[in-house]
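Participant: This is the structure I have questions about; it appears just below.
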Amino acid sequence: RVHAVELEDQAWFPAVFRDAGTAYLRLAADLAGQPAYMAPTPAQVLRVTGVRRVIDLCSGGAGPIPALIEQLNQAGLETTAVLTDRYPNVPTLEAVARGSGGRVEAHPEPVDATSVPEVLTGCRILCNAFHHFRPQQARRILQSAVAAKQPIAVFEATERSVPFLVGILFAPIFFALAC
């Protein structure tokens with residue numbers, strides 16, 4: 001596995017570009033129908049554990065979580081979510097929360113996915129973010145969930161292939177066309 005540095009993961013990277021990128025990723029997830037194909041796994045986890053709160057780690061611009069929560073609620077699982085990020089886009093996350101009918105909450109403080117605060121209990125979910133972490137960090141994310149006795153689900157719709165990487169290079173153009 002090759003770990004490529006992603007600019008948006010760097011503290012010095014301008015928030016305006018990070019936020020534009022995560023807005024594009026949310027749009028792409030919705031257009032691809034990601035919440036629909038994700039829903040069965042967290043639904044099963046929630047049914048088995050009885051947990052009804054999702055802690056979205058690495059939320060970015062909220063990604064597929066609002067639509068996922070809607071799908072879970074339509075399936076009879078009265079579920080809420082808390083959106084967290086290391087570099088939270090507070091205005092976007094709060095706007096998503098306001099539009100959720102009380103089902104989604106924005107956590108405005110930075111959250112390190114490798115060391116989630118004890119107050120954030122629920123099924124931890126990472127959507128298209130696990131690849132940002134080096135293997136040792138990824139293990140710490142999983143170990144943190146185990147130590148806190150919290151379920152965790154990881155989803156990756158990314159792949160390391162030439163066509164996928166070409167698509168990423170043209171993402172700004174796709175984003176501009178989508179707006």
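The values are calculated or read from the model by the stated rules, or taken from the named source; none is laboratory data. These figures come from a predicted structure and were not determined experimentally. Glycine gets a Cβ as well: all are built from the backbone with ideal geometry, and neighbour counts include every protein chain shown. Heavy atoms of the whole protein, side chains included, go into the accessibility calculation; ligands, DNA and RNA do not. Shrake-Rupley method; radii C 1.70, N 1.55, O 1.52, S 1.80 Å.
Participant: Count, please, the residues in region 91-121 that happen to be open to solvent by 60 Å² or more (accessible area, probe 1.4 Å), over 24 Å from Arg139 (Cβ atoms) and of a type in the set (A, V, I, L, M, F, W, C).
Facilitator: 0
Participant: Considering only residues that are within 22 Å of Leu72 (Cα to Cα) and of a type in the set (Asp, Glu), which ones fall in region 101-156?
Facilitator: Within region 101-156, Glu105, Glu156 meet the criteria.
Participant: Since Pro88 meets every condition but one in (1) open to solvent by 50 Å² or more (accessible area, probe 1.4 Å); (2) touching a Pro at 6+ places or on another chain (Cβ under 8 Å), which condition does it not meet?
Facilitator: Condition (1) is where Pro88 drops out.
Condition check ((1) farther than 24 Å from Ala148 by Cβ; (2) outside any loop (DSSP other than H, G, I, E, B); (3) touching a Pro at 6+ places or on another chain (Cβ under 8 Å); (4) free of Cβ contacts under 8 Å to residues at least 24 places away in the same chain) across all residues:
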residue	(1), (2), (3), (4)
Trp12	yes, no, no, yes
Ala28	yes, yes, no, no
Ala36	yes, yes, no, no
Pro42	no, yes, no, no
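Participant: Let me ask something else about it. Arg124 passes all but one of (1) crowded, with 16+ Cβ neighbours inside 10 Å; (2) in a loop (DSSP other than H, G, I, E, B); which number fails?
Facilitator: (2)
Participant: Determine which member of the set Ala62, Ala95 is part of a loop (DSSP other than H, G, I, E, B) and either free of Cβ contacts under 8 Å to residues at least 24 places away in the same chain or touching a strand residue (DSSP E or B) at 6+ places or on another chain (Cβ under 9 Å) (or both).
Facilitator: Exactly one residue qualifies, and that residue is Ala62.
Participant: Restricting to region 30-57, what's the tally of residues that are over 19 Å from Gly76 (Cα atoms) and in contact with a helix residue (DSSP H, G or I) (Cβ under 7 Å, 6 or more places away or on another chain)?
Facilitator: 2
Participant: Could I ask something else about it? Specify the residue that is most open to solvent (accessible area, probe 1.4 Å); the eligible residues are those in region 66-85 that are in contact with a helix residue (DSSP H, G or I) (Cβ under 8 Å, 6 or more places away or on another chain) and β-branched (Val, Ile, Thr).
Facilitator: The selected residue is Thr80.
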